[in-house]
Amino acid sequence: MTTRFPATHAAFIGIVLAITGFILWSAVSASASLNNLVVAAPVAAVLLLLALFVIAGAFAKPSDESTKTGIWGDLLLLSGFAVFCYSLTHVGFDVATFVFVWAGVVMSGGRGLWQPPLYAALFTVLLVKGFGSLFPYPMLTLVL
């Protein structure tokens, strides 16, 4: 049984954890009050757990060489994320999130006609309403 953990995935997880650690360290050093850490600490803990699950999952299952996408799949996803970040301020948080999640589900193998847009719509509504209730900052939205 051989396992495959691509270097691009390891680098991405490393960068995400490093940035998360820096933001958490910065928040704690600024003020250790509950109001300052109400978002930073839980997000850091969830990201650490997700990284551990991804790494453990990669080593738990054998490598399937027929399903590897290579560097082009990673670059396509990264390009999509760049377009998502750019479109947040131009078309709105809700529309940009919906399109990005829909494209991500289709890229990940979602083949149904109605399942990917339904999942994207539910995810978008929960994300926009959840962030809207957590943060008083007004987000640019087009539909919601």
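Structure data summary
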read-out	value
Test: residue in segment 77-91 that is open to solvent by 80 Å² or more (accessible area, probe 1.4 Å), more than 27 Å from Ala11 (Cα to Cα) and in contact (Cβ under 8 Å) with a residue 12 or more places away in the chain	yes
Residues of segment 40-66 that turn out to be at pLDDT below 80, open to solvent by 50 Å² or more (accessible area, probe 1.4 Å) and either in contact with a Pro (Cβ under 9 Å, 6 or more places away or on another chain) or not charged (D, E, K, R) (or both), as a count	4
Qualifying positions in segment 1-42 - of a type in the set (A, V, I, L, M, F, W, C), farther than 21 Å from Gly57 by Cα and touching a helix residue (DSSP H, G or I) at 6+ places or on another chain (Cβ under 8 Å)	Ile23, Leu24, Ala27, Val28, Ala30, Leu37, Val39, Ala40, Ala41
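Quick grid of which residues meet (1) at pLDDT 90 or above; (2) assigned to a helix (DSSP H, G or I); (3) more than 25 Å from Val38 (Cβ to Cβ); (4) among the hydroxyl-bearing types (Ser, Thr, Tyr):
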position: Phe98; (1), (2), (3), (4): yes, yes, yes, no
position: Val101; (1), (2), (3), (4): yes, yes, yes, no
position: Gly104; (1), (2), (3), (4): no, yes, yes, no
position: Gly110; (1), (2), (3), (4): no, no, yes, no
position: Leu113; (1), (2), (3), (4): no, no, yes, no
position: Tyr119; (1), (2), (3), (4): yes, yes, yes, yes
position: Leu122; (1), (2), (3), (4): yes, yes, yes, no
position: Leu126; (1), (2), (3), (4): yes, yes, no, no
position: Lys129; (1), (2), (3), (4): no, yes, no, no
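The values are calculated or read from the model by the stated rules, or taken from the named source; none is laboratory data. Since the model is a prediction, treat every value here as computed from it, not as a measurement. Every residue, glycine as well, gets a Cβ built from its backbone with ideal geometry; the counts of neighbours run over all protein chains shown. Remember, those area values only see protein heavy atoms, side chains included, never the ligands or the DNA or RNA. Shrake-Rupley method; radii C 1.70, N 1.55, O 1.52, S 1.80 Å.
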